[in-house]
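*Asks:* Pasting in a structure now, in C-alpha cells, and then I'll have a few things to ask.
The values are calculated or read from the model by the stated rules, or taken from the named source; none is laboratory data. Because the structure is a prediction, the values reported are computed rather than measured. So basically every Cβ, Gly included, is an ideal-geometry build from the backbone, and we count neighbours across all protein chains shown.
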Amino acid sequence: KHPYGTGVGRLLDYNRLIQNYLSEQVLTYNNKFNDLDVTALAGYSFQKQHIRNSNIDARGFATPSLAVVSVASEIFEAGGSPTEYALESYFSRGTLTYRDKYMFTATLRTDGSSKFSRDKRRGVFPSVSFGWNVSKEKFLQQSGIDMKLRASFGKTGNQEGIGSYAYLATMSGGRNYGHEGGISASSFGNKDLTWEKADQYDLGFDLSLFRRKVDIAFDAYYKKTTDLLYSMPVHATTGMTSIITNIGSMENRGVELSISTNFSLGPVKWTSSFNIAHNQNKILSLLGDDKPIAIGDNRALQVGRDIGSFYLFQMEGLYQYDGEVPNQQFDLGVRAGDVKWTDVDGNKIINDNDRVVTGSSNPKFFGGWNNSFRFKNFQLDILATYMYGNDIYAAWKPNGMARVGYRFAQLEEYVVNRWTGPGTTNVYPRAIASETFNTRNSTRFLEDGSFIRLRAVTLSYQFPKLVLGKLNLDGLRVYAQADNLFLWTKYSGWDPEVNSNLDPRYFGVDLFNNPQPRTYSVGVNINFLKK
C-alpha cells in the first residue's frame, strides 16, 4: 500500500500544449500632392493555433519513489483532444487629407476562418469615414470656436464564442460499455454556419466654446447585427442539448454626450466633466418565430424585446378568500393569503406557459459627474455616478428571506406586514412552513435598480515649492479620501450595482453578493528629486 495513506497511490497528469503561428506582411505608401496628403496601406495576415490537451489517471504504485505512469498497475482513465484553428486575412486602407480640413478614409478587409465550412468561410468587411475640421474654415477662424464633425460606416464580422469545428458533426471517445471501448456523436454539425455580421453607422462632433472654456462631445450610432451566432437549445430526444446556429438579427442604437468646463470662480478654479449615455437594443428576428426563448430561470429572448428582458410570472395580488382560488390550484394547496398569478392562457392552471416577458436590466440612461475645485494649494475632487431605468431581479428573496414561516432568517418587512386575514394586505403572503408556489420567479421580486452614488470625495493639499526646496523634494501631497460615501436608491438589496453574471443575458440578477465597501483613507505622495 502507499505509505502516505491507505490507498495504492494515484497520479494525475494533465498537459496542454498551445502553439501559435502568425505571419504578417504590410506595405505602406505616403505622399503629398500640394495640399493633399495621401496615405495607403495593404497587407496580408495568416494566423494558426494548435492546441493539444492530454490527461491520464494512473493508479496502483508499489512505492512513491516510482510514481511514474509506466509503473502504474492500472490506467484508470486517459484522454486527449487536439484542436486547430486558422484565419487568413487580406486588408487595405487609404486616407486622403486636404489642408488638414477634410479627411476621408476607406478600408477593406476580407477574412477566411476555418471555423466555417468552405462555402461560408470568407467574409468581406468594408468601411468608410469622413471628417471635417470646421474650425479651419474662414468663418470660424476668429470666433474662438473649435469644431469638428465626423461620420462613418463600417461592416464587421464576428466568429467568437464558437468552437473550431462547430460546422462539423463530431464524435468523441470514452463512451465505454463494460470492458469495451466506444465512441458516440458529441455534437451536431451545421454546414450553413457563417459569420455574424454587423453594419454600424456613426455620427458625431467635437465642439469647444469660449476659448476652450467649454468642451462638448456628442456621438450617435446605429448598429444592425445579422446572422447572430447562438447556441440554440434542442429537444432532449435528439441526444444533444444545443446546436450552434445563426438565429436572427438585432439592432443597437444610442447617443452619448459629454460636457467639460473650466472656469474661475474668483480665487477658486473649477473644472467639471459631465457625461450621459443612452443605449438600447432590440431583437428584430429570431428563428422565424415570435415566441419567447427561455434562457435560464428568469430570462428570455423575444422578437421586439431587448437582450436583458426578464421572463417571469406576473403577480396580481393575493387571494383574500379560499373561494377565490380556482379548483385546479386549490387541489395543489393554494389558499387565501397565497399569491394570485396572472393566468395568461386562461386555463386555470399556472405553469411555465403563463410567464411573460417584462422589464429589463438595461438602463434608460447612465453616466457620471466629476468636479474639481482648486483654491491656492488645496483641491477638492467629487465624483458621482448614476443609472436610471434598469430593473434588478432580487434572486436572494425567494431563497428564504421573503418566505415567512420558513426555517431561514426572514426580512422584518415580510413578517410584520404578512397576510393574516382578508383585507390585511395584497402584497405580503401568509406565513407557511411548507413549500408553496409563492416563491416562483416572478415580478414580485423585480425591483427598480436606479441609483445615484457619491463614489469618491478627495481633499488634498499640495505643498508649495518653497517648502519643497527646504525638504529637497520635487513634490509633496497629502490627502484624505472617502469612497462610496452615499447611495440613493429605492432598491431593497445591499447594492444596486449587481454583477452576479456579466453576460448581458443575465446581468441584473442579485444573488446577495457582497456590496461595495465604504472606505476612508489618508495618504501622502512624495516625489524625490532626480539625481
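*Asks:* Going by the conditions given, is ASP100 of a type outside the set (Val, Ile, Thr), within 29 Å of SER208 (Cα to Cα) and either assigned to a loop (DSSP other than H, G, I, E, B) or in contact with a His (Cβ under 8 Å, 6 or more places away or on another chain) (or both)? Lay out the reasoning, then the answer.
*Replies:* Values: of a type outside the set (Val, Ile, Thr): yes; within 29 Å of SER208 (Cα to Cα): yes; either assigned to a loop (DSSP other than H, G, I, E, B) or in contact with a His (Cβ under 8 Å, 6 or more places away or on another chain) (or both): yes.
For ASP100, the condition - of a type outside the set (Val, Ile, Thr), within 29 Å of SER208 (Cα to Cα) and either assigned to a loop (DSSP other than H, G, I, E, B) or in contact with a His (Cβ under 8 Å, 6 or more places away or on another chain) (or both) - is met.
*Asks:* Restrict the check to the range 88-97 and report whether at least one residue is under 30 Å from the mean Cα position of the chain (by Cα), closer than 30 Å to GLY181 by Cα and of a type outside the set (A, V, I, L, M).
*Replies:* First pass over the range 88-97, keeping only residues under 30 Å from the mean Cα position of the chain (by Cα): 88-89, 91.
Narrowing the set further to residues that are closer than 30 Å to GLY181 by Cα leaves none.
No; the residues of the range 88-97 include none that is under 30 Å from the mean Cα position of the chain (by Cα), closer than 30 Å to GLY181 by Cα and of a type outside the set (A, V, I, L, M).
*Asks:* Additional query: Limited to the range 420-464, what total is found for residues that are hydrophobic (A, V, I, L, M, F, W, C), within 21 Å of TRP494 (Cβ to Cβ) and in contact with a helix residue (DSSP H, G or I) (Cβ under 8 Å, 6 or more places away or on another chain)?
*Replies:* Going through the range 420-464 one residue at a time, the tally reaches 1.
Every residue, every condition in (1) at pLDDT 95 or above; (2) surrounded by 10 or more Cβ atoms within 10 Å (Cβ to Cβ); (3) closer than 19 Å to TYR85 by Cβ, yes or no:
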| site | (1), (2), (3) |
| --- | --- |
| LEU12 | no, yes, no |
| TYR29 | yes, yes, no |
| PHE33 | no, no, no |
| ALA42 | yes, yes, no |
| PHE46 | yes, yes, yes |
| ASN53 | no, yes, yes |
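*Asks:* Next question. Considering GLY296, GLY367, GLY389, which residue is closer than 25 Å to PHE437 by Cα and out of contact with any Asp or Glu (no Cβ under 6 Å at 6 or more places or on another chain)? It would help to see each step written out before you state the result.
*Replies:* Numbers: GLY367 fails: closer than 25 Å to PHE437 by Cα; GLY389 fails: closer than 25 Å to PHE437 by Cα.
Result: GLY296 is the single residue among GLY296, GLY367, GLY389 that is closer than 25 Å to PHE437 by Cα and out of contact with any Asp or Glu (no Cβ under 6 Å at 6 or more places or on another chain).
*Asks:* I would also like to ask the following. Against the condition over 20 Å from SER117 (Cβ atoms), of a type in the set (S, T, N, Q), surrounded by 14 or more Cβ atoms within 10 Å (Cβ to Cβ) and in contact with an Asp or Glu (Cβ under 6 Å, 6 or more places away or on another chain), how does SER208 come out, does it pass? Walk me through how you get there before you give the answer.
*Replies:* Numbers: over 20 Å from SER117 (Cβ atoms): yes; of a type in the set (S, T, N, Q): yes; surrounded by 14 or more Cβ atoms within 10 Å (Cβ to Cβ): yes; in contact with an Asp or Glu (Cβ under 6 Å, 6 or more places away or on another chain): yes.
Yes, satisfied.
*Asks:* Could you list all residues from the range 463-481 that are surrounded by fewer than 14 Cβ atoms within 10 Å (Cβ to Cβ) and without any contact (Cβ under 8 Å) to a residue 12 or more places away in the chain?
*Replies:* Of everything in the range 463-481, those that are surrounded by fewer than 14 Cβ atoms within 10 Å (Cβ to Cβ) and without any contact (Cβ under 8 Å) to a residue 12 or more places away in the chain turn out to be LYS465, LEU466, VAL467, GLY469, LYS470, LEU471.
*Asks:* Restricting attention to the range 428-462, which residues are loosely packed, with under 15 Cβ neighbours inside 10 Å and among the hydrophobic types (A, V, I, L, M, F, W, C)? Full working, then the answer.
*Replies:* The first filter runs over the range 428-462 and keeps only residues loosely packed, with under 15 Cβ neighbours inside 10 Å, leaving 433-435, 461.
Scanning the range 428-462 gives a single hit, ALA433.
Residues are listed down the side, and each one gets a yes or a no for (1) more than 30 Å from TYR321 (Cα to Cα); (2) charged (D, E, K, R); (3) over 33 Å from the mean Cα position of the chain (by Cα); (4) modelled with pLDDT of 95 or more:
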site	(1), (2), (3), (4)
TRP341	no, no, no, yes
GLY346	no, no, yes, no
ILE349	no, no, yes, no
ASN353	no, no, no, no
PHE366	yes, no, no, yes
TRP369	yes, no, no, yes
GLN379	yes, no, yes, yes
MET387	yes, no, no, yes
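*Asks:* Another question about this same structure. Have a look at SER258, SER242 and point out the one that is without any contact (Cβ under 8 Å) to a residue 60 or more places away in the chain and surrounded by 14 or more Cβ atoms within 10 Å (Cβ to Cβ). Even if it seems obvious, please write down each step before you answer.
*Replies:* Numbers: SER242 fails: surrounded by 14 or more Cβ atoms within 10 Å (Cβ to Cβ).
One residue alone meets the criteria, SER258.
*Asks:* Looking only at the range 60-86, how many residues end up being surrounded by 14 or more Cβ atoms within 10 Å (Cβ to Cβ) and under 23 Å from SER172 (Cβ atoms)?
*Replies:* 3
*Asks:* Right, another one. Take the residues of the range 316-348 that are in contact with a Leu (Cβ under 9 Å, 6 or more places away or on another chain) and surrounded by 17 or more Cβ atoms within 10 Å (Cβ to Cβ): which is farthest from ALA294 (Cα to Cα)? Break it down stepwise before answering.
*Replies:* Filtering the range 316-348 down to residues in contact with a Leu (Cβ under 9 Å, 6 or more places away or on another chain) leaves 336-340.
Remaining after also requiring surrounded by 17 or more Cβ atoms within 10 Å (Cβ to Cβ): 337-340.
Details: GLY337: 29, ASP338: 26, VAL339: 23, LYS340: 23 Å.
The extreme case among them is GLY337.
*Asks:* Would you mention how many residues in the range 245-263 are among the hydrophobic types (A, V, I, L, M, F, W, C) and either in contact with a Pro (Cβ under 6 Å, 6 or more places away or on another chain) or farther than 14 Å from PHE274 by Cβ (or both)? Talk me through it step by step, then tell me what you get.
*Replies:* So the first thing to find is which residues in the range 245-263 are among the hydrophobic types (A, V, I, L, M, F, W, C), and the list is 247, 250, 255, 257, 259, 263.
In the following step, the residues that additionally are either in contact with a Pro (Cβ under 6 Å, 6 or more places away or on another chain) or farther than 14 Å from PHE274 by Cβ (or both) were identified as 247, 250, 255.
Total meeting the criteria: 3.
*Asks:* Can you confirm whether the range 291-308 contains a residue that is at pLDDT below 90, of a type in the set (Lys, Arg) and over 21 Å from the mean Cα position of the chain (by Cα)?
*Replies:* Yes - at least one qualifying residue is present in the range 291-308.
*Asks:* A further question follows. Look through the range 212-247, keep the residues that are aliphatic (A, V, I, L, M) and within 24 Å of the chain's Cα centre (by Cα), and return whichever of them is modelled with the highest pLDDT.
*Replies:* Filtering first and then ranking leaves ALA220.
*Asks:* Follow-up question, since we're still on this one. Quick one: count up the residues across the range 184-206 that are modelled with pLDDT of 95 or more and in a strand (DSSP E or B).
*Replies:* 11
*Asks:* Out of the range 109-163, which residues are of a type in the set (S, T, N, Q), assigned to a strand (DSSP E or B) and surrounded by fewer than 16 Cβ atoms within 10 Å (Cβ to Cβ)?
*Replies:* Residues satisfying the conditions are THR110, ASN158.
*Asks:* Turning to a different aspect of this structure: Inspect the range 364-372 for any residue being crowded, with 20+ Cβ neighbours inside 10 Å and either in contact with a His (Cβ under 7 Å, 6 or more places away or on another chain) or part of a loop (DSSP other than H, G, I, E, B) (or both) and give the result as yes or no. Even if it seems obvious, please write down each step before you answer.
*Replies:* The first filter runs over the range 364-372 and keeps only residues crowded, with 20+ Cβ neighbours inside 10 Å, leaving none.
No; the residues of the range 364-372 include none that is crowded, with 20+ Cβ neighbours inside 10 Å and either in contact with a His (Cβ under 7 Å, 6 or more places away or on another chain) or part of a loop (DSSP other than H, G, I, E, B) (or both).
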